[in-house]
Structure formats: structure tokens, C-alpha cells
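Remarks on the structure that follows.
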Amino acid sequence: MKRLGFLMLMLAVALMLGGSALAQNVGDNSVYFTTYFSANNTTGAPEETVRVINDGDTGATLWSAFYVFDDSQELTECCACSITPDGLLSESVKQNLTAAPLTGRIPSRGVIKVISSATSDPTATKPTAGLRAWATHVQATTVTLVPGARVVPVVKGPWFVTETAFADSNLSAGEQALLQNLCYYDALLSGYPCVCNLEDFDY
């Protein structure tokens with residue numbers, strides 16, 4: 001009887017471990033990703049890069065709908081870039097995602113949001129799982145505060161560059177509608193969306 005109980009216990013443990021391993025190998029259905037950028041357009045700092053892949057699960061072209069915000073939570077640029085199945089898209093934060101901001105001021109830091117979409121229009125996205133994104137981040141080793149009427153930090157190198165995956169985020173209906181509306185008005189007011197590279201170009 002003890003031997004049967006031991007065998008049952010071992011079977012239960014094996015099933016739990018096997019179930020955990022299977023759960024870890026199953027892909028998720030994320031459609032919304034966020035990250036930050038810093039030291040953008042800063043003298044001497046390396047350029048930051050965003051890379052997005054189409055995992056090929058849908059077997060169709062998907063669009064990475066980019067929404068770029070400055071550190072005052074203002075949308076500065078938006079666009080949607082196509083990625084074919086198993087394709088890789090590389091975008092420079094400086095040259096592609098912040099080169100023609102609505103405000104006329106190129107942000108040095110801010111937030112990048114991405115919707116994995118089945119449509120090419122960032123003002124009318126159709127969230128569809130299949131994209132994965134990474135971004136490089138530039139870290140300064142020296143920050144000097146310049147006194148005056150307003151304390152201004154001066155960021156200097158040497159610089160460290162890291163690369164991390166975009167964070168899986170929750171896309172509510174309200175957030176999706178807000179991003180699409182902000183992008184719509186950005187197009188009306190500036191007419192300059194962010195610029196998409198071709199898939200075969202990398203930084």
C-alpha cells in the first residue's frame with residue numbers, strides 16, 4: 001500500500017512539472033507593448049534602436065503601430081510599419097521615431113507604445129497577436145546639475161547600452177481609442193508621421 005501511495009505521489013509530481021513545462025512553452029496573445037527611451041538626441045550618446053519581429057503565427061503581414069510620447073505625456077509622433085511573417089524591422093529612435101515631432105521639440109526621453117495590428121492605419125488598429133519587440137537603452141555615467149533659476153541636469157558619457165524586451169501591457173478599449181484619436185489629430189496638425197525603414201535595413 002505504501003508503495004502504491006509513493007507511485008501515485010511521483011505521478012502527481014511528474015504531471016505538475018510536465019504541466020508547468022508545457023505552460024511555459026505556450027505563446028501568449030499579447031498585442032500591446034511599452035518601453036522607454038532616454039538620452040535621445042544627446043551629444044555623444046549612441047542612438048537607441050527598436051527592433052520588432054513578426055513571429056509568423058498568423059502567416060500574414062502585421063503592422064507595428066508606434067505611438068511616441070515625450071516626458072510630459074504628450075504624443076509627438078505615430079505611424080504603422082509593416083513586418084512580414086518571420087521578418088525583422090529595425091527603427092532608430094532618433095532618425096525614425098522622433099525626427100519630426102508635432103511639438104517641434106525633439107524629446108530627449110519618453111515612452112514608446114506599440115500595438116500589434118492587422119491594419120496599416122495607426123488611427124484604426126485591429127489588435128492581432130504576433131509581434132515581439134525589443135529596445136536598446138542608453139544609460140549615462142555622469143549627470144551634473146547646473147544651478148540657476150532652474151536646475152538643469154547635464155547628462156554625459158561614457159555611456160552604457162542595454163537591450164530589453166518591451167513590457168507586455170494591458171490594452172483597454174479606452175487606451176486604444178485614446179492612442180488612435182491622438183494619432184488622428186497628430187496627422188491633421190503636423191502631417192508628419194514617424195518614418196518606417198524597410199525590413200532588410202538594420203542599425
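Read-outs throughout are calculated quantities, based only on the coordinates presented, and are distinct from any laboratory measurement. Predicted model, so just to flag it, every value in this text is computed and none were measured. Note that each Cβ is placed from the backbone with ideal geometry, even for glycine, and that neighbours are counted across all protein chains shown.
Hydrodynamic analysis of region 28-189 uses the Kirkwood radius over alpha carbon pairs. Inserted into Stokes-Einstein at 37 °C and 0.692 mPa s, it gives a translational diffusion coefficient of 200 µm²/s. One decimal place: the segment A118-Q139 gains 4.1 nm when fully extended, by the rule 0.36 nm per residue minus the C-alpha distance. With a simple spin-label model that places each label point 7 Å from the Cα along the Cα-to-Cβ direction, the separation between S190 and E74 comes to 1.0 nm. Put in line by how crowded their Cβ is, counting other Cβ atoms within 10 Å and starting with the fewest, I115, I106, I53 read I106, I53, I115. Computed from backbone phi, the HN-Hα couplings of region 69-80 come to 10, 7, 7, 9, 6, 9, 5, 10, 7, 7, 5, 10 Hz, rounded to whole numbers (Karplus: 6.51 cos²θ - 1.76 cosθ + 1.60, θ = phi - 60°; Gly and Pro given as x). Each peptide in 70-79, 185-194, 164-173 gets a packing score, the mean of other Cβ atoms within 10 Å over its residues, and the list from highest to lowest is 70-79, 185-194, 164-173.
For E91, E199, the sequence from fewest to most other C-beta atoms within 10 Å is E199, E91.
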